[in-house]
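Please read the structure below before turning to the comments.
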């Protein structure tokens, strides 16, 4: 799977004490865990005192999610894991891709709110048009939504402008193409 999300979990207590856990846990691949209790068990094996100095955790480092979509230092790792688990992005490449595009054009808080309100069906009204620009998107929308016009006349049509017009309220450009968010 290309969508592995890895993180290092830190503890504010150990960080402030500058003890042996000040640099956080080892890298954890979130797709390896079924629930938060398994992560807590792994942290305990690594020497964390979760009912003591290490009870207040934070995301110390993260890979597999855009760094600019939220301030990860103030993210509760349990909340992060449970949101990703409920959204089923840890084991589904397509859902991971949708989530990545979504938080690229919106942010983590919007994604979390969407998952909180829609649950497993958070992505029902989101479509990706991979590798497309506004012109490609315009052609796609034109072919499905407009009456047939002769190819000779179509050569004068501005599909880019049409694509931007059709997606004005619910489509945005992301690094991999166009994303429609009809929520």
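Bear in mind these aren't lab numbers, they're just calculated from the coordinates by the rules spelled out. As the structure is a computational prediction, the values presented were derived from the model and not from experiment. Counting neighbours? That spans all protein chains shown, and the Cβs are built from the backbone with ideal geometry, glycine included.
Give me the Kirkwood hydrodynamic radius of the stretch 101-183, using the inverse of the mean 1/r over all pairs of distinct Cα atoms, in Å to one decimal. Can you show the working numbers first?
Details: mean 1/r = 0.0720 Å⁻¹.
Radius from the Kirkwood sum: 13.9 Å.
So what is the calculated 222 nm ellipticity per residue for the chain, using -39500 (n - 2.57) for each DSSP H run with n of 4 or more, over all residues, to the nearest 500 deg cm²/dmol? For the chain, the value works out to -12000 deg cm²/dmol.
Kindly put 15, 137, 129 in sequence by how many other C-beta atoms sit within 10 Å of each C-beta, fewest to most.
On the way: 15 17, 137 23, 129 20.
The most exposed by this proxy come first: 15, 129, 137.
Quick check: the distance between the Cα centres of the stretch 147-183 and the stretch 1-47, to the nearest angstrom? Between the Cα centre of the stretch 147-183 and that of the stretch 1-47, the gap is 44 Å.
If I take every Cα pair under 8 Å that is 6 or more residues apart in the stretch 6-92, average their sequence separation and divide by the length, what percent do I get for the relative contact order?
Working: 110 pairs, mean separation 29.5, N = 87.
Worked out over the stretch 6-92, it gives 34 percent.
Counting other beta carbons within 10 Å of each residue's own, what order do 72, 12, 108 fall into, fewest first? Please report the intermediate quantities before stating the final value.
Details: 72 17, 12 14, 108 20.
Least to most surrounded, the residues fall as 12, 72, 108.
Entry note, the chain: relative contact order of 19 percent, from Cα contacts under 8 Å with a spacing of 6+ residues. Projecting label points 7 angstrom from Cα along Cα→Cβ for residue 143 and residue 41 puts them 5.1 nm apart.
Taking 37 °C and 0.692 mPa s as the conditions, I'd like the Stokes-Einstein D for the stretch 6-92 in µm²/s, using the Kirkwood hydrodynamic radius from alpha carbon pairs.
Numbers: Rh = 13.1 Å.
So the translational diffusion coefficient is about 250 µm²/s.
Taking the fewest neighbouring Cβ atoms within 10 Å as the starting point, the ordered list for 168, 32 is 168, 32. For the chain, the mean projected area of the C-alpha convex hull, equal to one quarter of the hull surface, is 12.0 nm².
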